[in-house]
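Here the structure comes first, spelled out in structure tokens, and everything after it is commentary.
The values are calculated or read from the model by the stated rules, or taken from the named source; none is laboratory data. Nothing here was measured: the structure is a model prediction, and the numbers come from that model. Ideal geometry is used to build each Cβ from the backbone, glycine not excepted, and the neighbour counts take in all protein chains shown.
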Amino acid sequence: MADLITTDLVTLGWRERLALPQLGINLLKAKLDTGARSSSLHVDTLEEFQRDGVTWLRFTMHVGRRQPVHMSCEAPALDRRAVTDTGGRRTERWFIRSEVQLAGQRFSTDINLTNRRHMLFPFLLGRSALSGRFAVDPARSYTQSRPQTVASDLP
């Protein structure tokens, strides 16, 4: 008989709702992807600029499907790295570090900025962010209530 492994990890579904409070995003639908190493956020436009000798990124996106809200965000650039997509194509992408609020937890993770216009979800939460925090049950979805972001969380 195989030993059962017990864990204190919260089990989530393959899709969930989360918040990116440092970016002013209170609600975002996300695909949880244990096959993807990094997390990805859809952006419509992206430009780099200098602020006090540090590279920053300014990007825009639309949040929501029924009544999309145009968002404009800024964050310090963390790095620029090669990312291989599911089709095996390697591209250079900008990364930022931002807090994620999900399942009553807040944690920082690296997020690459890319065009996900043709994807169903604007945010993909990869295994680096999931590891040690959550288990994913692909038979479940939207297991958590919507994130509750308070005014003090907003930039």
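Observations
- Residues that are among the hydroxyl-bearing types (Ser, Thr, Tyr), farther than 22 Å from ASN26 by Cβ and exposed (fewer than 14 other Cβ atoms within 10 Å of the Cβ) do not occur anywhere in the range 92-109.
- Qualifying residue in the range 116-124 (condition: more than 15 Å from SER40 (Cα to Cα), assigned to a loop (DSSP other than H, G, I, E, B) and not acidic (Asp, Glu)): no
- None of THR86, THR143, THR114, THR149 is at pLDDT below 90, surrounded by 13 or more Cβ atoms within 10 Å (Cβ to Cβ) and not small (Gly, Ala, Ser) except THR149.
- Hey, ASP79 touching a helix residue (DSSP H, G or I) at 6+ places or on another chain (Cβ under 8 Å) and surrounded by 12 or more Cβ atoms within 10 Å (Cβ to Cβ) or not: no
- Those strands (runs of 3 or more DSSP E) lying entirely in the range 56-103 with at least 3 residues under 19 Å from LEU20 (Cα atoms): 69-76, 90-102
- Boolean, PHE121 is crowded, with 17+ Cβ neighbours inside 10 Å, modelled with pLDDT under 95 and under 19 Å from TRP14 (Cβ atoms): yes
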